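Written below as structure tokens is the structure these notes are about.
Rule-based calculations on the coordinates, nothing more; no lab input. Here the structure is a predicted model, which is why all the values come from computation and not from measurement. All Cβ positions, even for glycine, are placed from backbone atoms using ideal geometry, and neighbour counts span all protein chains on display.
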2 protein chains.
Amino acid sequence: MIKVILLGAGNVATHLYKAFAKVENVTVVQVYNRQLKGLEHFNNQVAITTLLSDLKKADVYIISIADDAIAKFSKTLSLKNELVVHTSGSIAMDNLDDHNKKGVFYPLQSFTKGKDIDFKQIPICIEAYNKKDEILLTQLANSISENVHIINSKQRKSLHLAAVFVNNFVNHLYTIGEDICQKNNVSFDILKPLIQETAKKIIDLSPADSQTGPAKRNDKKVIALQLSELKNKTQQDIYQIITQSITAKYGNKL
Amino acid sequence: MIKVILLGAGNVATHLYKAFAKVENVTVVQVYNRQLKGLEHFNNQVAITTLLSDLKKADVYIISIADDAIAKFSKTLSLKNELVVHTSGSIAMDNLDDHNKKGVFYPLQSFTKGKDIDFKQIPICIEAYNKKDEILLTQLANSISENVHIINSKQRKSLHLAAVFVNNFVNHLYTIGEDICQKNNVSFDILKPLIQETAKKIIDLSPADSQTGPAKRNDKKVIALQLSELKNKTQQDIYQIITQSITAKYGNKL
């Protein structure tokens, strides 16, 4: 049985709690949060506390708070030589305080409040200083996911950067698509099957091999027409720079 | 029974042929292509021809060729007062020649050669000058898809523009994600569940409400770090401009 304490009560902590609660070899013994607010939905299910001095004993302490608060928070823990990990994609393991054994337990997914998630397919990226801790974290990850990877801090940082492109930025392009539809009285719903197919295609095919469209064909006429159709300067700039990037990559100069 | 002749033998024509072949109320009576090459995979299944003078009689003639060849090609047809439609997202219906009745039959999807596709969910956008033709094209579209829309040329043009953002440009962001992974020795596979989830999320939620990430939070520290991590100038430019667009939209100035 692996005993876990969650430090933080946000989105990731809540989803981790739900996932751990479903499996037999893990017990969440306590959830800590600085404020009582946020802990309400854990109450009556597990011990909760707002006092770091009240922390119980566990095998793994999982810090799941805002990235820029992790380093400082880890210094305030009065634990000694315990395994303390964080769940962040962008923060190096070394940022954790030296009084404890360090590790990372990073679930690579975009979590939405209130939306239940199946952890089985979610990649969990593990890092630890010593082999024993790495094995324990891997066990913990395997209990909720079938997609566990040992990833060092440098690799994790680049994964997080790539995730900004394929998740945050992609979602913003969806938003621009929705905006164009709304301005022209067409339902954005008509684009949804295409969006799903675009994502599905790269499961088996490299995105570099799936590229299509006017930029790939270097179809200057359509490109000029579409640029003139965009009335928003920022959208024009985005159209232009991504088009240039595509034509440059596939060997056609604009 | 609706009789159809396909003019063109490319990706869209091939997928349409397969879809029509499966349903009872449609017969493809002939497939035309300028060259014999491309017609091989239709041979023995349906009448084929490379001569416009050999065209049979049909209820609908579907031009499915490169966008910039449509107008000129439609002039070369010796048909008179027949229903002649094209399958393009970006070409206005009016570009078709005046000797025939005009229409559009635009399946909004990105077709990949050799990859079979289920037409049921694919939106088909219909346009016609007169109601009778609109009804016939709608019937034809309904026979293969459950997602049929009456869309005028202006709306279709904007749909096509939005599709460039949510399909072509999104795929290019996937490509950048893959590039970052490769340069840092991490498997791009780790990002695939996130990519699927990002696409699935917008089925029920507006993308404007799904936005997350450093740009949305206006997290200047992470943004500066990630920009410095990118070694490719074009990738830096794309990162910067989309980040600016997100922070501007969500009310935070950089």
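So, A:Ile176, is that one surrounded by 23 or more Cβ atoms within 10 Å (Cβ to Cβ) and without any contact (Cβ under 8 Å) to a residue 40 or more places away in the chain or not?
In short, no.
Among the candidates A:Ile223, A:Ile241, which residue alone is of a type outside the set (Phe, Trp, Tyr), assigned to a helix (DSSP H, G or I), touching a helix residue (DSSP H, G or I) at 6+ places or on another chain (Cβ under 9 Å) and more than 8 Å from chain B (Cβ to nearest Cβ)?
Checking each option against the conditions leaves just A:Ile223.
Considering only residues that are among the acidic types (Asp, Glu) and part of a helix (DSSP H, G or I), which ones fall in segment A:1-30?
Selection gives nothing.
Please go through segment B:193-202 and give me each residue that is within 17 Å of A:Lys192 (Cβ to Cβ) and either more than 7 Å from every other protein chain (Cβ to nearest Cβ) or crowded, with 18+ Cβ neighbours inside 10 Å (or both), ordered by number.
Passing the criteria: B:Ile195, B:Glu197, B:Thr198, B:Ala199, B:Lys200, B:Lys201, B:Ile202.
For the list (1) under 28 Å from B:Phe20 (Cα atoms); (2) out of contact with any Phe, Trp or Tyr (no Cβ under 6 Å at 6 or more places or on another chain), I need the number of the one condition that B:Ser145 fails.
(2)
Using beta carbons and a limit of 6 Å, which pairs, at least six apart or on different chains, have the first residue in segment A:113-127 and more than 18 Å from A:Thr14 (Cβ to Cβ) and the second one part of a helix (DSSP H, G or I)?
Final answer for the pair search is A:Gln121/B:Pro193; A:Pro123/B:Ile190; A:Cys125/A:Arg156; A:Ile126/A:Leu137; A:Ile126/A:Thr138; A:Ile126/A:Ala141; A:Glu127/A:Met93.
How many of the residues in segment A:226-238 are facing chain B (nearest Cβ under 9 Å) and in a helix (DSSP H, G or I)?
Going through segment A:226-238 one residue at a time, the tally reaches 6.
Could you please find all residues in segment B:203-220 being more than 8 Å from chain A (Cβ to nearest Cβ) and not in a helix (DSSP H, G or I)?
Scanning segment B:203-220 gives a single hit, B:Asn218.
Which is surrounded by 16 or more Cβ atoms within 10 Å (Cβ to Cβ) and of a type in the set (Gly, Ala, Ser), of A:Ser187, A:Ser206, A:Ser228, A:Ser245?
After applying the criteria, what remains is A:Ser245.
Let's see how each residue does on (1) within 15 Å of the chain's Cα centre (by Cα); (2) surrounded by fewer than 22 Cβ atoms within 10 Å (Cβ to Cβ); (3) among the polar types (S, T, N, Q); (4) farther than 28 Å from B:Phe188 by Cβ:
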position	(1), (2), (3), (4)
A:Lys37	no, yes, no, yes
A:Glu40	no, yes, no, yes
A:Val46	no, yes, no, yes
A:Asp67	yes, yes, no, no
A:Leu77	no, yes, no, yes
A:Ile91	yes, no, no, no
